[in-house]
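Accompanying notes for the structure given below.
The values are calculated or read from the model by the stated rules, or taken from the named source; none is laboratory data. Bear in mind that the values here come from a model prediction, so they are computed numbers and not experimental data. Note: ideal-geometry Cβ built from the backbone for every residue, glycine included; neighbour counts use all protein chains shown.
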Amino acid sequence: MVKIILASQSPRRQALIQLVGYSYRTIAANVDESSVTHPDPAVNVVETARLKARTIAGQTGNGKAAGHDTLVVAADTTVALDGNMLGKPADAAAARRMLQALRQRTHQVHTGLVVVDLAGKRDVSGVHTAVVTMRDYSEQEVKAYVASGDPLDKAGAYAIQHPTFRPVARLDGCYLGVMGLSVCHLLHCLIELDVPVAADLTDLQQAHQGYPCPIYEDVLAKLA
């Protein structure tokens, strides 16, 4: 049996981790994310996720109790526009500027992932990069969305899954990765760690909301 410790208090990641099919609990990783300064956004998110994972792993012990193996899962997401990282906006004005800069532009969403097998003393890591093009939303739409408060806790000041703003015109990559945790990438990591896949693949596919996911297809191929 496998138990997962999710190194995050993000409600979105907590919802997504349930798709993996294993029991889990969350522990907030109290780390200074600003201490990770790598200029490459794709590297930065992996190093930040590793900092979270190692912090939680160091607090947890050997990870084997009552017949259960324990995995620590940590992720970090950033939006990159013209190579510049757009994290969570500091306030409503910053959110508005980010959304204006992203409008009708193509950018990258990098989600770093680190999985630590506490019992086996092994870990795997990687990054999924999705290419996202935003639609031509109006200033009125931006104003209403910012006023809702939804952008303030999200990298790049938007949620791809928002039911009314719906800012994305095109996505190449994993929809769940843009939300903050590519479950498809996580399943790849579990396979690499020889952990049985317990996810309901039909539920996982439906969670992508109709967006094709190349990583999902790779997972199916590996399980065939």
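Quick check: is even one residue across segment 172-192 of a type in the set (D, E, K, R), surrounded by 20 or more Cβ atoms within 10 Å (Cβ to Cβ) and in contact (Cβ under 8 Å) with a residue 24 or more places away in the chain? Checked against the condition, which is being of a type in the set (D, E, K, R), surrounded by 20 or more Cβ atoms within 10 Å (Cβ to Cβ) and in contact (Cβ under 8 Å) with a residue 24 or more places away in the chain, segment 172-192 yields no hits at all. Pairing each residue of segment 122-143 that is in a helix (DSSP H, G or I) and of a type outside the set (Asp, Glu) with any residue that is modelled with pLDDT of 95 or more and surrounded by fewer than 16 Cβ atoms within 10 Å (Cβ to Cβ), provided the two are 6+ apart or on different chains, yields C-beta distances under 7 Å for 142/100. May I ask you to list the residues in segment 197-221 that are free of Cβ contacts under 8 Å to residues at least 24 places away in the same chain and over 18 Å from the mean Cα position of the chain (by Cα)? Once the filter is applied, which keeps residues that are free of Cβ contacts under 8 Å to residues at least 24 places away in the same chain and over 18 Å from the mean Cα position of the chain (by Cα), segment 197-221 yields 201, 202, 210, 217, 220, 221.
Evaluating residue 116 against the criteria (1) within 14 Å of the chain's Cα centre (by Cα); (2) closer than 22 Å to residue 23 by Cβ; (3) not in a loop (DSSP other than H, G, I, E, B) leaves one unmet condition, (1).
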